[in-house]
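This report concerns only the one structure given below.
The values are calculated or read from the model by the stated rules, or taken from the named source; none is laboratory data. Not measured: the values here are computed from a predicted model. Please note: Cβ atoms are built from the backbone with ideal geometry, for glycine as well, and neighbour counts cover all protein chains shown.
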Amino acid sequence: MISRRWKLAIIVPLIALTFFSTYISAAEKYTEANLLVDNSLNTLNQFIADPNMQVIQDLSKRARGIIIIPQMIRGGFVVGGAGGSGILFARDMNTGLWNGPAFYSIGSLTFGLQIGGEVSQVVMFVMTGKGMNSMMSSSFKLGADVTMAAGPIGGGAKTTTTDILAYARSKGAFGGFTVEGGVMQTKDSWNISYYDSAAASPYEILITHSVANGYGDDIIKTITEIGTPTTKKVQY
């Protein structure tokens, strides 16, 4: 018979190995996509806390979708290219519940009134059905396939026919912006990896909800808190 001492000598290392393997597995699952979700939550909270950006809480109650880009990098003087990665959350128009995130890359934006190379935080509001439908495409052009404009700051958000309204925050010298010719593309590999499913397209993530990942629950909770209409009837 195997003595108790020998049993412990075998079992304890096995337990330690199992714990270590679980720890490594969990660490490996924290990907760039997870980091983007965390940074997006931080960005959204900073917008909410900014007294100059209170309009976004009104827009959140009327938007069909919210795009958060924690880092939009741009450079040059007067005109320059910009790019970054972002995540999209969509409101279910039947239930009012928010779903996501779906991952995108944004590139080739042109900013106006720009001084020096900067990193900005950007939040965009998808205000129309046309704008949301474009998000289901693998690639589309902002300002061409959908209309886009810098959102007004201060006061209440007025009714607009613009598909997407965009807001930016930066610590550098930056006095507003226009967006022309920006290309938005789905980050298919990130969507597939994050949801561990080859079927993880924006349509499955945001419309049919056939894939899910609870890692984004905190940011969905925050969006729900600011994005739930105060009345049952909401004008879009």
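Can you name every residue in segment 37-53 that is loosely packed, with under 14 Cβ neighbours inside 10 Å, more than 13 Å from V122 (Cα to Cα) and touching a residue at least 40 places away in the same chain (Cβ under 8 Å)?
Passing the criteria: only N52.
Go through the residues of segment 195-209 one by one and say whether even a single one is surrounded by fewer than 17 Cβ atoms within 10 Å (Cβ to Cβ), assigned to a helix (DSSP H, G or I), among the small types (G, A, S) and at pLDDT 85 or above.
no
Starting from residues that are part of a strand (DSSP E or B) and of a type in the set (S, T, N, Q), keep the ones in segment 170-194 and report whichever is modelled with the highest pLDDT.
Within segment 170-194, the subset part of a strand (DSSP E or B) is 174, 182-186.
Adding the requirement that they be of a type in the set (S, T, N, Q) leaves 185-186.
Details: Q185: 92, T186: 95.
Among those that are part of a strand (DSSP E or B) and of a type in the set (S, T, N, Q), it is T186.
Considering segment 126-167 alone, what residues qualify as being modelled with pLDDT under 90, within 19 Å of the chain's Cα centre (by Cα) and not in a strand (DSSP E or B)?
Passing the criteria: only G151.
Among all residue pairs at least 6 apart or on different chains, which show Cβ distances below 6 Å where the first residue, located in segment 90-105, is charged (D, E, K, R) and the second is modelled with pLDDT of 95 or more and part of a loop (DSSP other than H, G, I, E, B)?
R91/R64
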